[in-house]
Every structure is written in C-alpha cells, then in structure tokens.
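Everything below concerns the one structure shown next.
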Amino acid sequence: MITIYINNEAQKIKAEKFLNEVLDGILQNIAFGTAIAVNNKVISKNDWGNYSLKEDDKILIIKASQGG
C-alpha cells in the first residue's frame with residue numbers, strides 16, 4: 001500500500017496503480033472541463049492510463065465552472 005493525496009486528503013491505495021484506476025473509483029462521470037494535475041503538473045486525459053502513481057503523489061482534481 002502507498003499513500004497518495006487527492007485534493008489534500010490522504011488515501012491508501014495498492015502500489016502500482018495507474019491514475020485512471022484511481023480516478024474511476026472517484027469520478028463516476030468525468031465531465032468535460034475536468035483537469036487532473038499530479039504534483040502540480042497537468043496530466044493529459046490520454047495519459048491517465050499510462051501514469052503510474054507513486055508514494056506521496058498529490059493529485060488535484062479541477063472542475064471548470066461557468067460564471068463571471
């Protein structure tokens with residue numbers, strides 16, 4: 001098990017998980033306008049399945065909203 005942080009909340013996950021596997025458990029429907037950053041670097045949605053998470057990674061989920 002490793003510890004990662006999702007929006008500053010600690011989560012324990014199995015080692016050697018990919019970003020998309022973790023997000024599938026969190027986001028049921030990944031809406032248009034959702035961005036994911038790991039350790040302050042935005043990860044393209046196309047790369048979520050190739051991005052292997054490591055101990056202490058910090059994931060930030062950003063959802064765009066309308067407004068002015």
* Determine whether the stretch 23-37 contains at least one residue that is in contact (Cβ under 8 Å) with a residue 40 or more places away in the chain and either surrounded by 13 or more Cβ atoms within 10 Å (Cβ to Cβ) or in contact with a Lys or Arg (Cβ under 6 Å, 6 or more places away or on another chain) (or both). => no
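Take the residues in the stretch 16-29 that are of a type in the set (A, V, I, L, M) and part of a helix (DSSP H, G or I), then tell me which one is modelled with the highest pLDDT.
By that ranking, first place goes to Leu19.
Could you go through the stretch 30-45 and let me know if any residue there is out of contact with any Ser or Thr (no Cβ under 6 Å at 6 or more places or on another chain), assigned to a helix (DSSP H, G or I) and modelled with pLDDT of 90 or more.
No, the stretch 30-45 has no match at all.
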* Asked: What are the residues in the stretch 48-59 that are surrounded by 13 or more Cβ atoms within 10 Å (Cβ to Cβ) and either of a type in the set (S, T, N, Q) or not in a loop (DSSP other than H, G, I, E, B) (or both), if any?
  -> Lys58, Ile59
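The values are calculated or read from the model by the stated rules, or taken from the named source; none is laboratory data. What you see is a predicted model, and the numbers here were worked out from it, not measured in a lab. Note that we place each Cβ from the backbone using ideal geometry, even for glycine, and neighbour counts take in every protein chain shown.
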